[in-house]
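Notes to accompany the following structure.
The values are calculated or read from the model by the stated rules, or taken from the named source; none is laboratory data. What you see is a predicted model, and the numbers here were worked out from it, not measured in a lab. Note that we place each Cβ from the backbone using ideal geometry, even for glycine, and neighbour counts take in every protein chain shown. For the accessible areas, the whole protein counts, side chains as well, though only heavy atoms, and no ligand, DNA or RNA atoms are used. Shrake-Rupley method; radii C 1.70, N 1.55, O 1.52, S 1.80 Å.
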Amino acid sequence: MNPRWQALLLALRDPAAMAGFDAATWDRVVPMAFWTGVLGRLAAEARRIGIDTEIPPPVWRHLQAMLAVSDEQSRAVRHELRHLSDALAELPGPVLLLKGAAYAAAGLPPAPGRVFGDIDLLVPRDQIEEAEAALMLGGWISEARTAYDQRYYRQWMHEIPPMVHIRRRSVVDLHHAILPPTARIKTPPGPILAAAQPVPGWPRFHMPCAEDLLLHSATHMFHEGEWARGLRDLVDIDALWAAGGFDDAGRAPQLWERARILGLDRPLSAAAALRSRLLGRSAVDARAHPGTAADRLAVRAMAHAMTASYKAGASRASGAAAGVLYLRGHWLRMPWWMLTRHLATKARMRQEQRKQEQAPQPRTP
């Protein structure tokens, strides 16, 4: 990790350290935190531990503005969840909230200061069409613009194409699994649905149990191809890890056993290694370090790629790592022949779109 990032990592590891940052340090930390999606987290932690008055007022205004954005988004998400609850009222099976939606609805530790875009839902595979129809009746329509995109999602992915509300523009990602059926790691959704817990105050919705919330976040990060929010995802995992008590020797084996049952040992090991490498957390389980050379190399690449979104603080290593992980993310989700065909098809579609955009438009009489 580039030494220029050490102050931000220190703030994430030990928020009280922010009280001692000088103006020059804040000049580095604020843009880095903004571009990696953790500025709201720093603000929430400063407010929680009561050091907001010790942060220079010009800096605190930036942090406070991000808190306001996060708070407003949380209100908007809860508003959308009420509409979704009505739209999916007749669906027989459980409807699980995933990631940011679950954190916001249940008031979980990753929620304060967090900003996210989509609402992720998980339903049983045999109810995906019924759920989609219910959402369409509620005003959500598919965002997929081409027949190829429709086929790509519905045949090969673990979700249908994103759906956007025609008036409110809220986006819903409707899943039937946490990984594509073509992925190299095979994770059955049945145990996740069976272990789901009700979301307090939201009778229509459930959420994954504490272990599965963490494992899903780790799995998402492990398979990620876009790393603009990689550091934010790691901070989410760190918060879930601490909240679940998985740093305790008595609780840690439960998490690792759950990972074994779901086939998610590798993502969890990678998350644990990154948590140790970047946030200084000590693992209490020997399995918390990737065993294969490929996974150890991937962890080093992930640590570099987490800084690639902030160009002024990126290095050659971070840019190269982000590119390699982009291809790796696709490779993990589908076999090479499918990946080759998919990338070639998308490249051809982009080329055709550019030609259409550059073609001279007919004059209107």
**Report entry** Restricting segment 229-239 to residues that are open to solvent by 10 Å² or more (accessible area, probe 1.4 Å) and within 9 Å of the chain's Cα centre (by Cα), the residue that is nearest to M306 (Cα to Cα)
**Finding:** R229
Requested in this report: State yes or no: is A24 open to solvent by 30 Å² or more (accessible area, probe 1.4 Å) and free of Cβ contacts under 8 Å to residues at least 24 places away in the same chain?
Outcome: yes
Query raised in the report: Can you name every residue in segment 91-100 that is modelled with pLDDT of 95 or more and either open to solvent by 30 Å² or more (accessible area, probe 1.4 Å) or under 23 Å from R41 (Cα atoms) (or both)?
Result: L97, L98
Report summary line: Checked segment 252-268 for anything open to solvent by less than 50 Å² (accessible area, probe 1.4 Å) and either free of Cβ contacts under 8 Å to residues at least 40 places away in the same chain or assigned to a helix (DSSP H, G or I) (or both); matches are A252, L255, W256, R258, A259, L262, P267, L268
**Report entry** P109, sole failed condition from (1) open to solvent by less than 50 Å² (accessible area, probe 1.4 Å); (2) touching a residue at least 60 places away in the same chain (Cβ under 8 Å); (3) under 19 Å from the mean Cα position of the chain (by Cα)
**Finding:** (1)
Query raised in the report: Filter segment 127-166 for residues that are in contact (Cβ under 8 Å) with a residue 12 or more places away in the chain and of a type in the set (D, E, K, R); which is farthest from P198 (Cα to Cα)?
Result: D149
**Report entry** Exclusive hit being open to solvent by 10 Å² or more (accessible area, probe 1.4 Å), touching a residue at least 24 places away in the same chain (Cβ under 8 Å) and either of a type in the set (K, R) or touching a Leu at 6+ places or on another chain (Cβ under 7 Å) (or both), set H220, H216
**Finding:** H216
Query raised in the report: Does A183 satisfy the criteria of being under 21 Å from L88 (Cβ atoms), in contact with a helix residue (DSSP H, G or I) (Cβ under 6 Å, 6 or more places away or on another chain), of a type outside the set (D, E) and modelled with pLDDT under 90?
Result: no
Query raised in the report: Can you tell me which residue in segment 165-189 is most open to solvent (accessible area, probe 1.4 Å), limited to those that are in contact with a Lys or Arg (Cβ under 9 Å, 6 or more places away or on another chain) and under 17 Å from I128 (Cα atoms)?
Result: P189
Requested in this report: Kindly indicate whether any position in segment 133-151 is modelled with pLDDT under 95, in contact with a strand residue (DSSP E or B) (Cβ under 8 Å, 6 or more places away or on another chain) and buried (at least 19 other Cβ atoms within 10 Å of the Cβ).
Outcome: no
Requested in this report: Could you check how many residues of segment 39-90 are among the basic types (K, R) and open to solvent by less than 60 Å² (accessible area, probe 1.4 Å)?
Outcome: 1
Report task. Test A249 against the stated conditions and say whether it is open to solvent by less than 20 Å² (accessible area, probe 1.4 Å), of a type in the set (G, A, S) and either farther than 13 Å from L98 by Cα or in a loop (DSSP other than H, G, I, E, B) (or both). Result -> no
Requested in this report: Restrict the check to segment 290-302 and report whether at least one residue is in a loop (DSSP other than H, G, I, E, B), touching a helix residue (DSSP H, G or I) at 6+ places or on another chain (Cβ under 6 Å) and either at pLDDT below 80 or charged (D, E, K, R) (or both).
Outcome: yes
Query - Complete set of residues in segment 190-210 that are within 19 Å of the chain's Cα centre (by Cα) and open to solvent by 30 Å² or more (accessible area, probe 1.4 Å) - result: H206, A210
Report task. Could you run through segment 235-264 and say how many residues are out of contact with any Ser or Thr (no Cβ under 7 Å at 6 or more places or on another chain) and within 18 Å of P189 (Cβ to Cβ)? Result -> 4
Requested in this report: Read through the list (1) open to solvent by 10 Å² or more (accessible area, probe 1.4 Å); (2) among the acidic types (D, E); (3) within 23 Å of R281 (Cα to Cα), then give the number of the only condition that E226 fails.
Outcome: (3)
